[in-house]
Amino acid sequence: INPYQAVIVASLIEREVVVEEERPLVAAVIYNRLRAGMRLQIDATVQYALPQWKERLTYEDLKVDSPYNTYLHAGLPPAPICNPGRPSLEAALAPAQVNYLYYVATGEGGRHFFTADYQEFLRVKNRVSP
């Protein structure tokens, strides 16, 4: 990736991560999904595209017509979605060496569950999402 793309990735990490040690893991998911030709499907990009921030996104929100909506558009969004801090920039430049393709917020102090298995992801998502 080029430096500008690294800033875009870092901005995604910045908006998705609460727990510091998860930054390189989220970076890995982003790069793994890009390499696999998968859409990123990052909620923070949808939040950015909406006219106002929402506590919880709906399935209708995921359809918002915007080049920033990574549920609809493959690849990185056209520009950063926030001003990333140094830890997110470092994670974008040094992602974890894992095969994860999915993550979901667990509701436990901002933590996420990471996996490479889609069925496992769905099981955990159904358990933690109302």
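The values are calculated or read from the model by the stated rules, or taken from the named source; none is laboratory data. All values reported here derive from a predicted model rather than from experimental measurement. Don't worry about glycine lacking a Cβ; one is built from the backbone with ideal geometry, like all the others, and counts go over all protein chains shown. Please note that ligands, DNA and RNA were not included when accessible areas were found on the heavy atoms of the full protein model with its side chains. Shrake-Rupley method; radii C 1.70, N 1.55, O 1.52, S 1.80 Å.
Taking the stated definitions as given, is Tyr4 among the hydroxyl-bearing types (Ser, Thr, Tyr) and at pLDDT 95 or above?
When the stated conditions are applied, Tyr4 passes them.
Given the stretch 1-112, what helices (runs of 4 or more DSSP H) lie entirely inside it while holding 2 or more residues that are over 29 Å from Arg127 (Cα atoms)?
3-16, 86-93
If I go through the stretch 69-122 residue by residue, how many of them are among the hydroxyl-bearing types (Ser, Thr, Tyr), over 18 Å from Arg39 (Cα atoms) and in contact with a Ser or Thr (Cβ under 9 Å, 6 or more places away or on another chain)?
Counting residues in the stretch 69-122 that are among the hydroxyl-bearing types (Ser, Thr, Tyr), over 18 Å from Arg39 (Cα atoms) and in contact with a Ser or Thr (Cβ under 9 Å, 6 or more places away or on another chain) gives 1.
When residues of the stretch 51-75 are filtered for being modelled with pLDDT of 95 or more and open to solvent by less than 30 Å² (accessible area, probe 1.4 Å), how many remain?
Of the residues in the stretch 51-75, 4 are modelled with pLDDT of 95 or more and open to solvent by less than 30 Å² (accessible area, probe 1.4 Å).
Give me a count of the residues in the stretch 17-39 that are within 17 Å of Ala105 (Cβ to Cβ) and either open to solvent by 70 Å² or more (accessible area, probe 1.4 Å) or free of Cβ contacts under 8 Å to residues at least 40 places away in the same chain (or both).
So the count comes out to 3.
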